[in-house]
Every structure is written in C-alpha cells, then in structure tokens.
1. Using only Cα atoms, find the angle between the long axis of helix 17-28 and the longest principal axis of the chain, and express it within 0 to 90 degrees, rounded to the nearest 10.
2. Counting only helical runs of four or more DSSP H residues, what would the 222 nm mean residue ellipticity of the chain come to if each run contributes -39,500 (n - 2.57) and the total is spread over all its residues?
3. Taking the chain as the reference, fit the longest principal axis to its C-alpha atoms, fit the long axis of helix 94-104 to the helix C-alpha atoms, and give the angle between the two in degrees, 0 to 90, nearest 10.
4. Based on alpha-carbon positions alone, could you give the equivalent ellipsoid semi-axes of the stretch 44-121 from the gyration tensor, as √(5λ), descending, whole Å?
5. Give the whole-number value, in cubic angstrom per residue, of the convex hull volume spanned by the C-alpha atoms of the stretch 10-167.
C-alpha cells in the first residue's frame, strides 16, 4: 500500500520502550537511539505528540534516561515495575499505549507505533477503520509478521542498525 507523507500531516508517535530496548540488546548488544527513532517516525511531518512508555525500577537508575527522552521531545509515561511474591516481574504498557493512541486519534492523521509487538494488531485495525494511517517502526528481525502486515508502512531498523543503535557501554 502506498503511504502518503506530507509536511502538514499530524503525527503521533507511541514508543513501546521495553520492546525496542530488549530487541536492540538481544540483536545488537546495543542501546536504542531514540532521537533517530523519533526523527524517522516523524519523517518531516508535524509532530503532535511523542510518548514513550517506560518502567521505573526500585533503584531509580533510569531517571537519567527518562530525562534524556524529555530533552529530545519525547514525553514519558512511567509505570512501576511489578514484582510478585514468587519473584516474577512484570512491566507491560500495551493497554496504556493503545488507549492513548485511540484517545489522541481524532487529533492525528498518522499514528506511528515504535514496537514489534503483535499485540498492537487490533489497535492498528481499529485506527484503520477510523481513517488513521498506521505506521510501525521497529527491528524487523524481532517483529511480529502480523504487525508488519497490518501496518500501512513498516520501517525496519535492522536495515540500518548503526543509525538506530548506540553501542552499549562496557
């Protein structure tokens, strides 16, 4: 499907931070260059909102990362890491991201989801029914085939990993 991109197009970028973080770490032993992800997602169009969904740990060591996201123009929504009695940990923002995308959709022409998680397919289908162009940017090698198929456009960060990653320290 041909995707239309023009400067007046209103774009919302919704970043599943954990998904991209784990993909970059697993595939490239690197960190994500979120400034480049945002630049590519917006693509010269009008950015309305960029939101990163992040997890806070008890140690609070990620506060510098959250500040860095804010400095490049990405709003952060923070959820505490859940730790269960058996030691299991859960950090999931899928529903929060989807609800925000639906709430903001009337103000947008395009929704860009930065994630490879196939759980977002119903969101894309819903937004498509409401006339919203839906694009996905993620690491293709760790992305759901159904997600790539559902999106109007898919940007595969694996095609240029050096642009979208930062070598890990140490």
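Read the figures in this text as sums done on the coordinates, not as results from a lab. Here the structure is a predicted model, which means the values were calculated and not measured.
1. The angle comes out near 80 degrees.
2. -10000 deg cm²/dmol
3. 40
4. Working: eigenvalues 132, 61, 17 Å².
After scaling each eigenvalue by five and taking roots: 26, 17, 9 Å.
5. Working: hull volume 18.2 nm³, N = 158.
Normalising the Cα hull of the stretch 10-167 by residue number yields 115 Å³.
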